[in-house]
Amino acid sequence: MSALELYPAIDMRGGKCVRLYKGDYNQETIYADSPFEMAKTFASQGAKWIHMVDLDGARDGKRIHDEDVIRAATELGVNVQIGGGIRSEDDVKHYLDRGVARVIIGSLAIQQPELAASFIEKFGPDKIVIGIDAKDGMVATHGWIETSSKSAIEVGQYFAERGAKTFIFTDIATDGTLMGPNLLANELLAEATGAEVIVSGGISSLADVKAVSHVSKNSTINGVIIGKAIYENRFTLSEALSEVSTC
């Protein structure tokens with residue numbers, strides 16, 4: 001079994017690299033002036049993947065930080081996945097045609113599920129990731145501003161039946177809190193869909209990374225997104241990569 005994949009996160013807002021607390025746009029911390037330079041740092045530390053989120057795009061429903069994303073994908077020799085502000089087939093093509101490895105479909109998966117499913121068929125399950133962001137088990141949209149009537153499990157099963165191979169599950173209650181990940185919710189989604197699940201939200205320590213790695217041995221969980229813990233110097237990406245390589 002391959003080692004757990006690590007996805008250092010770069011959340012972009014106002015041209016800067018930021019982190020929000022529980023998805024609240026009013027509780028923002030700026031960590032770097034350049035998303036590209038942060039991506040460059042992660043690449044130099046051994047990242048194979050970089051997880052980028054266009055927070056402005058997620059809220060406004062259009063691509064805003066695409067130049068930083070494409071530059072990272074084409075210049076750094078790493079795989080980049082991008083979410084936020086992707087609302088059409090043209091948006092998906094814009095990124096995939098310019099070297100981005102995967103596109104994350106979030107709000108659109110709830111608002112227009114048939115359209116989102118068509119992307120999986122058209123571009124392939126390796127190129128389209130379904131992002132499921134949940135508050136108390138219910139899926140949230142529009143940069144987490146609105147909560148839908150769909151449960152994370154319902155959404156996951158719908159897209160798994162339509163060929164989705166990979167989900168990113170974010171428990172909004174833990175995101176940016178350094179409280180530890182909601183492993184149970186991720187395990188339930190993995191079990192319900194049989195698809196690969198990337199854990200997002202709450203990672204605070206190398207022990208948390210190790211816990212996800214341990215759970216991944218007996219489930220289809222195969223990745224973890226790490227953001228604030230790295231920015232707050234709880235540990236380095238290099239240390240985390242070393243941790244999972246020995247698990």
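In table form, for the structure just shown:
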| quantity | calculated |
| --- | --- |
| DSSP-defined beta bridges in the stretch 5-246 - what % are antiparallel, rounded to 5 | 30 percent |
| Among Gly124, Gly84, Gly201: highest mean-square fluctuation, GNM of the chain, C-alpha pairs under 10 Å | Gly124 |
| Residues His214, His51, sorted so that the one with the fewest Cβ neighbours within 10 Å comes first | His214, His51 |
| Lysines whose Cα lies under 21 Å from that of Lys16, excluding same-chain neighbours fewer than 8 positions away | Lys40, Lys62, Lys228 |
| Among Asp54, Asp68, Asp133, residue whose mean-square fluctuation peaks in a GNM of the chain (springs only between Cα atoms under 10 Å) | Asp68 |
| Order of Val78, Val129 under a 10 Å beta carbon neighbour criterion, fewest first | Val78, Val129 |
| Cα gyration tensor shape for the stretch 5-246, rounded if a/c is under 1.5, else prolate or oblate | rounded |
| Gyration tensor (alpha-carbon) shape descriptor, the stretch 42-108, a/c threshold 1.5 | prolate |
| Charge sum, other residues only, whose C-beta stays under 11 Å from Arg98's C-beta, Lys/Arg counted +1 and Asp/Glu -1 | -1 |
| Cα-projected label distance for Ala192 with Ser118, points at 7 Å along beta-carbon direction, nm | 2.6 nm |
| The chain: most fluctuating residue of Ser219, Ser200, Ser107 per GNM, C-alpha cutoff 10 Å | Ser219 |
| Distance between modelled label sites at Glu37 and Leu178, nm, 7 Å Cα→Cβ extension | 2.3 nm |
| Spatially proximal lysines relative to Lys135 (Cα-Cα < 19 Å; intrachain offsets below 8 disregarded) | Lys22, Lys150 |
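The numbers here are math on the coordinates, done by the rules we state, and not lab data. Since we're looking at a predicted model, the values are computed, not measured. Ideal geometry is used to build each Cβ from the backbone, glycine not excepted, and the neighbour counts take in all protein chains shown.
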